[in-house]
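Worksheet for the structure shown next.
Here, each number is a calculation from the coordinates, and none is a lab measurement. Since this is a predicted model, take the numbers as computed values, not measurements. We place every Cβ from the backbone using ideal geometry, glycine too, and count neighbours over all the protein chains shown.
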Amino acid sequence: MKRYKLTYRLNLLLAVVLLLASGCAKREDAARGIAIGKQIWMAENLATDRYRNGDPIRHARSVEEWNDAISKHEEAWCHYGNQPANGRLYNWFAVADPRGLAPEGWHVPTDAEWRELEAVTGGRGFETAFTGSRNCLGIFFGKGSSAFFWTATPSSEFDAWNREISEGSRKLQRVRVAKGLGLSVRCVKNREK
């Protein structure tokens, strides 16, 4: 009986270790935040290929795949220049998907939340890598000189608000852009009620 209990416990421990090692750990555990005013922003751009519920987000590697997703108003993500080291860009359909792009406890900030950040920082935002974007034709632009971030706020049927920052000015700009662009996402932590 003692041997059976020991074997059972060892097998249970082994199963837990294998589950964690196979990537079954919660993805939101890796999210780090920085306090800016009364908000907590992710310290880095979002880098997920799955929604909060575990469903995969379409990976559009080619121009054809990117344009197909846009034409169908479907979610998609890509790496800038299709190089994994360059970070992930998402279209607005992924941002707005009800399955939740942000990890548990976080969300894509609204236009009003970006305005709150701007008020606290004098329009300077936060430290960022200049990750560039992907335009509606599937062409990459701006890496090393500009960063572009989605808001969760649409501005019309075909457009949404974003924030842009260039290396030269370091000032956030509010711009209305097509939902089919590929931009970075920086999440903000949900406020406790």
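The table below gives the values:
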item	result
Amide H partners (placed H, <5 Å) of THR110, local residues excluded	ALA152
Cα-Cα pairs of region 119-161 separated by more than 13 Å (percent)	68
Separation of the LYS38 and HIS73 label points, Cα + 7 Å toward Cβ, nm	3.5
Values of log10 I(q)/I(0), in the order q = 0.13, 0.22 Å⁻¹, for region 24-97 under a Debye, Cα-only, solvent-free model	-0.46, -1.05
Lys, Arg +1 and Asp, Glu -1 on Cβ, resulting dipole of region 123-193 about Cα centre, debye, nearest 20	240
Within region 160-184: backbone nitrogen closer than 13 Å to the PHE130 label point (7 Å, Cα to C-beta)	165-171
Mean projected area (nm²) of the alpha-carbon convex hull when region 128-192 is viewed from all directions	5.0
Proximal aspartates and glutamates relative to LYS72, as straight alpha-carbon distance under 18 Å, when same-chain residues fewer than 8 apart are discounted	GLU64, ASP97, GLU157, ASP159
Sequence-distant aspartates and glutamates (8 or more away, or on other chains) whose Cα lies within less than 15 Å of LYS171	GLU116, GLU118, GLU127
Largest to smallest principal axis extent of the C-alpha atoms in region 80-172, angstrom	33, 30, 28
